[in-house]
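What follows is a single structure, written as structure tokens, with notes after it.
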Amino acid sequence: MDPIFFHRNPETATGHGHAAVQGHATGHGHAPDDGRLRGLKVAVQPGVAVKGWPTDAGSHALAGYVSLEDATVVQRLRGAGAYLCGSIHAAEFGFGLAGGRTGEAVRQAFADIELVLDSIGESRVAAARAGVCGLKPSYGLVSRFGLIGLIPSMECCAVLSRSLDDIRETLRIITGQDGLDFSLPDEEAPDFSSMAIDPGKITIGVIDEAQDALPATEGEEFRASLEALRRRGFTLQEMSLPDFSLFSLVHRIVGSVEASSAAGRYDSVRYGPRAPGAKNWNEMYLLSRAAAFGPFVKSYLIQGAFFQFERYGAFEDACRIRARLVREMRRLTSQVDFLAFPGIDGGAAGVPSGGMAGVPSGGASGDTAAGVPAKGGPGSPGEAPSAPRYGAQASLRGVYAEFASTLFANVTGQPVLYLPSSPGGGRAGIQLTGPRLADGRLLALGESLLETDRKGD
């Protein structure tokens, strides 16, 4: 079994370009190639629909399912000339990183871009492990049509790459209304043009409470990163959000209820394999549902059902708290240009930390639950992933601890850019965010910081 790819595109890059032109001429096949992304290799997760490809979202609930049409993001990438090289091993429904190889296709240069479903911070943690850049776009900016996830109001299609310019050009293509995803507001997309950043005119806020739960070493690294920003001329401003710790609770309650509802379709009638031996319709439903999900997702769905049917008042309270947190974050982002949050310790997952350049191609563990390294490494050709194809082990407590510093943005819908640590070690990995639709400005800030990294402080 391929250690990174669940499915590889049997069509060569040359054949892909020819098919795109031919399909347009005959009225079928791929979208016409306008050339803007020609030569760009893109890897997707198995929860991103690609016509004719197996699209099981990493779950037994969709085992054997082959997509009948392209997701909007895929259609637009193909239309711009990008080559889809394959789909990578991913966690069940893309929730968390257990059992997957997210980030490895870019890290090992099999792909220039990876499209990653980000529902709790997966793109940023994967980027940290791979030593690359990751952008979670503003919610409602990229169509979710053709994406298979669990938490509709929090998940979005994120982009991983070694190059911020490739991320920028990819976003230019995939953002905007398609008339198929009703969560996309009718609004103008942000300006993704390159823009100059003058550190002397930029204020970056730092939320005190976001650092409270950091281990001592990570806290020191974050403070060192902030000092590096100060040396480069940025103004830093301390800020407070007393209820910051509630982000995790809100995500856990609201997210699990949405997941429980969204997964109701996998009943072996509409989707999913049917369990044998059932004596009646109700038994068939129960047996099939029991076999459809791995232990981690199943525990999440049970939790959601509990709040949905037994403690609905707690769910309503969580929704009200979420609205308050969104308002508070809007207030903070209106007072500064950007916010800085601690990065994620990619080294904890067995991946060497450091900048994007010169990252070794092997010897790193894959995505794991709660930061526990998996056996083996994706750098070994032909070696199967150590985790099972479906239902890799993880725990809710471990996953929420692992993503504690990233999930806030999924609750609020604001964009977040993860930058890897500088090659010289002067700055650790860091998350940068701003108000919703500040995606273009975040990329400009990231480019400015990476350029300074290349020149040295």
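The values are calculated or read from the model by the stated rules, or taken from the named source; none is laboratory data. All values reported here derive from a predicted model rather than from experimental measurement. When we count neighbours, we look across all protein chains shown, and the Cβ atoms used for this are built from the backbone with ideal geometry, even at glycine.
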For the range 43-66, name all the residues that are among the aliphatic types (A, V, I, L, M), more than 21 Å from residue 126 (Cβ to Cβ) and outside any loop (DSSP other than H, G, I, E, B). 61, 62, 66
Matching residues in the range 288-331 - criterion: being within 26 Å of the chain's Cα centre (by Cα), hydrophobic (A, V, I, L, M, F, W, C) and closer than 20 Å to residue 270 by Cβ: 292, 293, 297, 301, 305
Looking at the range 235-253, is at least one residue crowded, with 21+ Cβ neighbours inside 10 Å, among the aliphatic types (A, V, I, L, M) and within 23 Å of the chain's Cα centre (by Cα)? yes
Quick one: would you say residue 318 is touching a His at 6+ places or on another chain (Cβ under 8 Å) and in a helix (DSSP H, G or I)? no
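A quick yes/no check of all residues on (1) exposed (fewer than 13 other Cβ atoms within 10 Å of the Cβ); (2) not small (Gly, Ala, Ser):
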{"position": "263", "(1), (2)": "no, no"}
{"position": "271", "(1), (2)": "no, yes"}
{"position": "285", "(1), (2)": "no, yes"}
{"position": "288", "(1), (2)": "no, no"}
{"position": "291", "(1), (2)": "no, no"}
{"position": "297", "(1), (2)": "no, yes"}
{"position": "303", "(1), (2)": "no, yes"}
{"position": "312", "(1), (2)": "yes, yes"}
Residues (surrounded by fewer than 17 Cβ atoms within 10 Å (Cβ to Cβ) and of a type in the set (A, V, I, L, M)) located in the range 199-225: 213, 216, 224
Which of (1) touching an Asp or Glu at 6+ places or on another chain (Cβ under 9 Å); (2) free of Cβ contacts under 8 Å to residues at least 60 places away in the same chain is the odd one out, the single condition residue 192 does not satisfy? (2)
Every residue in the range 448-457 that is surrounded by fewer than 21 Cβ atoms within 10 Å (Cβ to Cβ) and either part of a helix (DSSP H, G or I) or at negative phi (or both), please. 448, 450, 451, 452, 454, 455, 457
Out of all the residues in the range 422-446, which are in a helix (DSSP H, G or I) and among the small types (Gly, Ala, Ser)? 440, 444, 446
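Just wondering, is there one or more residues in the range 105-114 that are in a strand (DSSP E or B) and at pLDDT 95 or above?
Yes: the range 105-114 contains one or more residues that are in a strand (DSSP E or B) and at pLDDT 95 or above.
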